[in-house]
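Q: Below you'll find the structure I mean.
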Amino acid sequence: MRPVIFRLTGVIALMLAASGVVAWLFGALPAALVACAVALGVIGADTAAQLRLLAWLKSPEGSRIPPARGVWAEVFYRAARQLRLWESRVQREQDKLKRFIEALQASPNGLILMDGADQIDWCNDTAAAHFGLDARRDLRQHAVHLIRNPEFFAYMAAKRFDTPLLMRRTTNHGSLLLSVQVIPYGDGQKLMLSRDVTQVERTEAMRRDFVANVSHEIKTPLTVIAGFIESLRGLDFSAEERDRILALMQEQSDRMRHLVEDLLTLAHLEGDPHQPAEEVLDMRQMVDRLGADARALSGGRHVIELSADVGDVRGARTELTSAFTNLVSNAVRYTPQGGTVRIAWRVRQIDGGGPVAEFSVSDSGIGIAQEHIPRLTERFYRVDRGRSRESGGTGLGLAIVKHVLLRHQAELRISSQPGQGSVFTVRFPAQRLVLPAEPDAAEANAVDRESISA
Ligand code: ADP
């Protein structure tokens, strides 16, 4: 305020002094003209300064403060300072908002903010993916117009938002099950959360199937055993019949024991967070041992062929033995009498790459139709339930194989032709292969070791 008063006093003093001198020298009229000229000069200078201020205020960003003198210099300086303060405050708020939006974007859940009329104000990328929205184009659109789903429409119309809605959506990448919950806030606005529960539902369905399967598998032998016990109690049997019944009971209890053993093995493999042991398995010995097991299981009904290259595997002995035994046992069980089962360990060098180490079990058995192959490693998945049970299968063998191989970063390949036979190949990563020190030993030993016709 003070500079304005000083300037006004100065102007008036100047005007009075100038017109006083002129009046004393030339009379009243020239003095009045001088006073007017001074006043006009001051008004002109002020107007020019105002125009410069206005022009500057229109786009002050980046431009320099216009030059000014006296009170206008003060006005310009203060306006510029206020502007800078305001700009830094806006910048701070913008940074805060940006961080807030980044946090909402980072959420694994979908988030949609809606106004009082259920129009979309903002949504994060997850929500856009869940509902097929375009986070920019679809703003200000009604949620129910964009999320075209009868259940969602009914949920929004009923306005009962205390429980979430489960809603299925088909996207380009498959079917999604979403859990959607609307949370009203503020003045009629809504926050909508969406969560992809497809995997949760799948796991839950698997758990239910698993419990049902285990119960079923145990119930059948239990029913048989209970029936025999009843018969043994109530009826008189000859010693021979008694022995036959006891043998059948034994068979059923063996079946349950195998099932429980396989279940425990699976539970152990699935629940073990530790890396498998790093033992070195002599694969030649392993193939010999598997060959002996195959012969025992076959009881002379099959031709068993063995071949093994030089080269060992680093891994957990019990786990790998269990996986290989399962493959061999399947080959014998699903190959009719007179068929051939071949157990092979091959180590070869591929062009331009490292060594490839493969354990394979081939058979000339019943084979598997193509559509079953992707599901064979699922727990309790069997192509022919009756045949599997008859041969003492639990339906868990290949699930065990899959888990063991996963833990060893190995891969299972299955190729098969119905009626012609199957090949189950386990390929180990190069880092699990242990080669002897002599570089050409592997080549020298790549010969079939044994061929036994039983
Ligand atoms: P199972 O105890 O029933 O043999 P697995 O998990 O070991 O259970 O195998 C799953 C299913 O895969 C078997 O029931 C069988 O239908 C099929 N299968 C596995 N190995 C062979 C094979 N070598 N030849 C034909 N079918 C096989």
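The values are calculated or read from the model by the stated rules, or taken from the named source; none is laboratory data. Keep in mind the model is a prediction, meaning the values are calculated, not measured. Because the Cβ atoms are built from the backbone with ideal geometry, glycine has one as well, and the counts that use them run over all protein chains shown.
Q: Name the residues in the range 349-367 that are aliphatic (A, V, I, L, M) and under 32 Å from the mean Cα position of the chain (by Cα), would you? Let's see the steps before the verdict.
A: First pass over the range 349-367, keeping only residues aliphatic (A, V, I, L, M): 350, 356-357, 361, 366.
Residues satisfying the conditions are V356, A357.
Q: Quick one: would you say R84 is closer than 30 Å to C123 by Cα, at pLDDT 80 or above and of a type in the set (K, R)? Reasoning before the result, please.
A: Numbers: closer than 30 Å to C123 by Cα: no; at pLDDT 80 or above: yes; of a type in the set (K, R): yes.
Taking the combined requirement at face value, the residue does not satisfy it.
Q: Turning to a different aspect of this structure: Those residues that are of a type in the set (A, V, I, L, M, F, W, C) and either in the same structural domain as E251 (by TED's automatic domain parsing) or near the ligand (Cβ under 7 Å from one of its atoms) (or both), I need them from the range 397-415; list them, please. Step through it out loud before you land on a result.
A: As a first pass, look at the range 397-415 and keep what is of a type in the set (A, V, I, L, M, F, W, C): 398-401, 404-406, 410, 412, 414.
Within the range 397-415, L398, A399 meet the criteria.
Q: Provide a single number: the residues in the range 420-454 that are farther than 24 Å from V303 by Cα and modelled with pLDDT under 60. It would help to see each step written out before you state the result.
A: Pass one, the range 420-454, residues farther than 24 Å from V303 by Cα: 427-444.
After this cut, where a residue has to be modelled with pLDDT under 60 as well, the list is 439-444.
Count: 6.
Q: Can I ask one more? Looking at the structure I just gave you, is G27 over 30 Å from A79 (Cβ atoms) and not hydrophobic (A, V, I, L, M, F, W, C)? It would help to see each step written out before you state the result.
A: Numbers: over 30 Å from A79 (Cβ atoms): yes; not hydrophobic (A, V, I, L, M, F, W, C): yes.
Taking the combined requirement at face value, the residue satisfies it.
Q: Checking the structure you have, find out if any residue of the range 66-76 is exposed (fewer than 12 other Cβ atoms within 10 Å of the Cβ) and more than 30 Å from L111 (Cβ to Cβ). If you could, list the steps in order and put the result at the bottom.
A: Within the range 66-76, the first condition is being exposed (fewer than 12 other Cβ atoms within 10 Å of the Cβ), and the residues that meet it are 67, 69.
In the following step, the residues that additionally are more than 30 Å from L111 (Cβ to Cβ) were identified as 67, 69.
Looking for residues that are exposed (fewer than 12 other Cβ atoms within 10 Å of the Cβ) and more than 30 Å from L111 (Cβ to Cβ), one finds at least one in the range 66-76, hence yes.
Q: Same structure again: If a residue counts only when it is among the charged types (D, E, K, R), within 19 Å of the chain's Cα centre (by Cα) and crowded, with 16+ Cβ neighbours inside 10 Å, which strands (runs of 3 or more DSSP E) contained entirely in the range 105-187 have at least 1 such residues?
A: Hits in the range 105-187: 165-171.
Q: Further, regarding this structure: Take the range 329-346 and flag every residue that is aromatic (F, W, Y) and within 15 Å of S416 (Cα to Cα).
A: Within the range 329-346, Y334 is the sole residue that qualifies.
Residue-wise test of (1) in contact with a Leu (Cβ under 8 Å, 6 or more places away or on another chain); (2) of a type in the set (A, V, I, L, M); (3) without any contact (Cβ under 8 Å) to a residue 60 or more places away in the chain.
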residue	(1), (2), (3)
A158	no, yes, yes
S175	no, no, yes
T203	no, no, yes
E217	yes, no, no
P221	no, no, yes
E230	no, no, yes
S238	no, no, yes
I245	yes, yes, yes
M249	no, yes, yes
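Q: Please indicate, with yes or no, whether at least one residue in the range 267-279 is under 18 Å from R314 (Cα atoms) and assigned to a strand (DSSP E or B).
A: Yes, the conditions are met somewhere in the range 267-279.
Q: Those residues that are part of a strand (DSSP E or B) and within 11 Å of the ligand (Cβ to nearest atom), I need them from the range 416-439; list them, please.
A: Taking the range 416-439 and keeping what is part of a strand (DSSP E or B), we get 416-417, 421-428, 433-434.
Across the range 416-439, the qualifying residues are S416, Q417, G421, S422, V423, F424.
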